[in-house]
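Structure first, then comments.
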């Protein structure tokens, strides 16, 4: 006789869960976990977006009410950037407005004096002395090289004797040991008076 499959149990979720194999149960559980993780991720991004919007709303002031005119509101970062650009522009203008011809003439007079054997390697404005008030001293840094200390000291005496310069200060010196002639490389800070021009 044939076996009859009589099943009078209702077809509910519990019925199908009991009949499902282990692999199907694991797949369903994995799908539920993936959906939960995706939902959590979407909610986290939404919360971060709301937080950024509130921070942006706090930094950007509201528009002017109608009837009061359109006031331009500049954020603090923009004002700071403008101040830095303005300072850099002013420093560049100060450097360009230095009396380069008079400086060059004074240095030519000093370096062409008898007994002076110094090579000027670099000239750059002294950024520490950018005060442009009337009569204030302005500065220049020289990098030079001489054969020995006697020539360096003679050059310094000539710089101090030059009437154009208010002061000449030797700021550093060192022997270039890599060169076979071992020249003396030194740095001088020069200042001149604005009123002397």
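Considering segment 145-172, and only residues there that are without any contact (Cβ under 8 Å) to a residue 24 or more places away in the chain and in contact with a helix residue (DSSP H, G or I) (Cβ under 7 Å, 6 or more places away or on another chain), the residue that is nearest to residue 110 (Cα to Cα) turns out to be 168. Taken over segment 120-148, the criterion of being at pLDDT below 90 and surrounded by fewer than 13 Cβ atoms within 10 Å (Cβ to Cβ) is satisfied by 124, 127, 128, 131, 132, 133, 134, 135. Against the list (1) surrounded by 10 or more Cβ atoms within 10 Å (Cβ to Cβ); (2) closer than 30 Å to residue 123 by Cα; (3) modelled with pLDDT under 80, the condition residue 96 fails is (1).
Within segment 153-194, the set of residues being assigned to a helix (DSSP H, G or I) and within 33 Å of the chain's Cα centre (by Cα) comprises just one member, 194. Listed by first and then second residue, the pairs with beta-carbon distance under 6 Å, at least 6 apart or on different chains, first residue in segment 98-112 and touching a residue at least 40 places away in the same chain (Cβ under 8 Å), second exposed (fewer than 13 other Cβ atoms within 10 Å of the Cβ), are 99/197.
The values are calculated or read from the model by the stated rules, or taken from the named source; none is laboratory data. Note that the structure is predicted; figures quoted are calculated from it, not measured. So basically every Cβ, Gly included, is an ideal-geometry build from the backbone, and we count neighbours across all protein chains shown.
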